[in-house]
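Heads up, the thing below is written out as structure tokens.
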Amino acid sequence: MPDLLTAAAQISQGKSSSVALVEGCLRQIKTHNPTLNAFGDVYDQQALAEAEICDRERQQGKLRGPLHGVPFGIKDLFATAGLRTTKGSLTALDNVPDSDAPIIARLKAAGAIIIGKTATTEFGWTGSSYSRVFGHGRNPWDPTLTSGGSSSGSAISVAARMVPAALGSDGGGSVRIPGAFCGIFALKASLGRIPTWPWSATEMLSHAGPMTRTVRDSALLFDLLSGPDARDHQALPAKTESWLARCDAPLPRLRVHYSPTLFNTPVDDRIAACVEQAVEHMAHALPVTLTAKALSWQSPFATFDTLWSGGRGVAYGAALQHQHHQLDPGFAALIERAQRIELADYLAAQKQRAAFAGQVHALFDEVDLLITPTLPVLPFAADRHVPEGQADGDSGVEWARWTPFTWPFNLSGNPAATVPCGFTPEGLPVGLQVIGRRYAEGEVLQFCAALEALMPWDQHQPKL
């Protein structure tokens, strides 16, 4: 299965066909989806028919755009006109939107084909891959383990070579968590870089974006999918440079700070060793000035819990007040807890968020990039929400206790990417997180492209 840029070039140059690529994807899905649970609905006949049209158009010298005839997986949270969007919930199995989300409309305008909807946890509420709609998402490197979530199916589908690329969303780590566990690249951009619609109950935390095998694939998709949309009042202005072109430019000297942990969180020794080795390699081979010291920030867990639980719990609690019995028990508990959050608590959390974000932004007065492990834990059993041994808690976001390096940058709004940086002795991929100053996604992508060239990972494939 070629990567995205290769697939697009082969089709546009007539070296391969869209039909051949779609057929290859469908074979991979048919073979591996029963085990891995990456896809819900798969549009095999529709995708093949669309591929045939794309091939005829190419033969006539007509290309729809840079993604002409390339199949994609779409996280089942995104609205797709005329195609069921379950949002991973038993309460929405018959939901068929009338309109496409902006990211879907732009993907289609670039020539892409939707081959199917990928699995997500219920309303994207948790970082695990637990799902009563799709079956628990399973890691291609070890199917007994979780893929991570909530963009579980998109990460699985890319890592298992079911599709060249997929779309995900990230409100607390939901592209970076499964990206790290499954060994692919994923960038959560600055808030509003890719417009989102319909409205999300946690719109001030939620981002849309691609999940890919390579950095350059991601950069191309950000070039195509970014820009304002009138339906998203937080959407950023159009960017002024090609991030794909920037990935191919020489890397300037950068000030990089490495923090081996955040908030005194213990990091699995196997992860720490892999990340340390990657950082040492980077420091010797790339033009960086490296500093290394754990940051002294205090954890904003309570702030995130209030904003996440309050936003999602109140909104969905009202909308689904007669369907709570159909919900994942963990999500139902989040809704119940949200009823106890007072307006004063929510406003205080907004103030605390601003204070934490100020600390993060102040760091980037002194450095260009911050590096951490993406996660402190390795994948755990696929039927669990949290790792074995994690103590019970009473928050609405117990998953955020084992993902303490991802969601803080949803609070601050900084771009943050996960880059594969090696493997544990057991053969599980490890992710390195690269965080940039606000709106500096181009810098993050360029640096990650240099890391990818230094430590190539795409030749490594799960032994399925």
Subject >> Among ALA47, ASN37, ALA20 - extreme Cα towards positive end, dipole of the range 1-50, charges at beta-carbon >> reply: ALA20
**OP:** Find how many whole Å separate the alpha carbon centroid of the range 215-273 from the alpha carbon centroid of the range 285-322.
**Re:** 18 Å
Subject >> Sites excluded, GluC sites (Glu not before Pro) in DSSP loops with at most 12 other C-beta within 10 Å, longest stretch of the chain >> reply: 1-240
Original post:
Could you work out the helix-only [θ] at 222 nm for the chain, with each DSSP H run of four or more residues adding -39,500 (n - 2.57) and the total divided by the number of residues, to the nearest 500 deg cm²/dmol?
Top reply: -11500 deg cm²/dmol
**OP:** Using the Kyte-Doolittle scale, find the helices of the chain whose mean hydropathy is at least 0.0 and whose Cα atoms extend 30 Å or more along the helix's long axis, counting only whole DSSP H runs.
**Re:** 343-363
Subject >> Heavy-atom accessible area per residue - the range 316-435, 1.4 Å, Å² >> reply: 40 Å²
**OP:** Could you please put TYR346, TYR258 in sequence from largest to smallest accessible area, using a 1.4 Å probe?
**Re:** TYR346, TYR258
Subject >> For the chain: relative contact order, % (alpha-carbon pairs under 8 angstrom, 6 or more apart) >> reply: 17 percent
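What full-extension length gain, to one decimal in nm, is calculated for THR31 and HIS324 as 0.36 nm per residue of separation minus the Cα-Cα distance?
102.0 nm is the gain from fully extending THR31 to HIS324.
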Original post:
Among bridges DSSP assigns within the chain, what percent are antiparallel (round to 5)?
Top reply: 65 percent
**OP:** May I ask for the distance between the Cα centers of the range 130-172 and the range 388-464, given as a whole number of Å?
**Re:** 15 Å
Subject >> Taking all pairs of distinct alpha-carbon atoms in the range 97-206, Kirkwood radius in angstrom >> reply: 14.3 Å
Subject >> Estimated inter-spin distance, LEU464 and TRP199, nm [label 7 Å along Cα→Cβ] >> reply: 3.9 nm
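To the nearest 20 debye, what is the magnitude of the charge dipole of the range 294-392 about its Cα centre, counting +1 on the Cβ of each Lys and Arg and -1 on the Cβ of each Asp and Glu?
260 debye
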Subject >> In nm, spacing of pseudo-spin labels at VAL314 and ALA285 (7 Å Cα→C-beta vector) >> reply: 4.9 nm
Original post:
In whole percent, how big is the carbon plus sulfur part of the accessible area of the chain, probe 1.4 Å, protein atoms only?
Top reply: 51 percent
Original post:
Charges only on Cβ, +1 for Lys and Arg, -1 for Asp and Glu: so what's the dipole of the chain about the Cα centre, in debye to the nearest 20?
Top reply: 620 debye
Original post:
Nearest 20 debye, what's the magnitude of the dipole of the range 174-328 about its Cα centre given +1 on Lys and Arg Cβ and -1 on Asp and Glu Cβ?
Top reply: 280 debye
Subject >> Cross-link partners of LYS75 among lysines (Cα-Cα below 21 Å; sequence separation of 8 or more within a chain) >> reply: LYS30, LYS87, LYS108, LYS117, LYS188
**OP:** Compute the Cα gyration tensor for the chain, then decide on rounded, prolate or oblate, letting a ≥ b ≥ c be the square roots of its eigenvalues: rounded whenever a/c is under 1.5, prolate when a/b is larger than b/c in the other cases, and oblate in all that remain.
**Re:** rounded
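The values are calculated or read from the model by the stated rules, or taken from the named source; none is laboratory data. Here the structure is a predicted model, which is why all the values come from computation and not from measurement. Note that we place each Cβ from the backbone using ideal geometry, even for glycine, and neighbour counts take in every protein chain shown. Remember, those area values only see protein heavy atoms, side chains included, never the ligands or the DNA or RNA. Shrake-Rupley method; radii C 1.70, N 1.55, O 1.52, S 1.80 Å.
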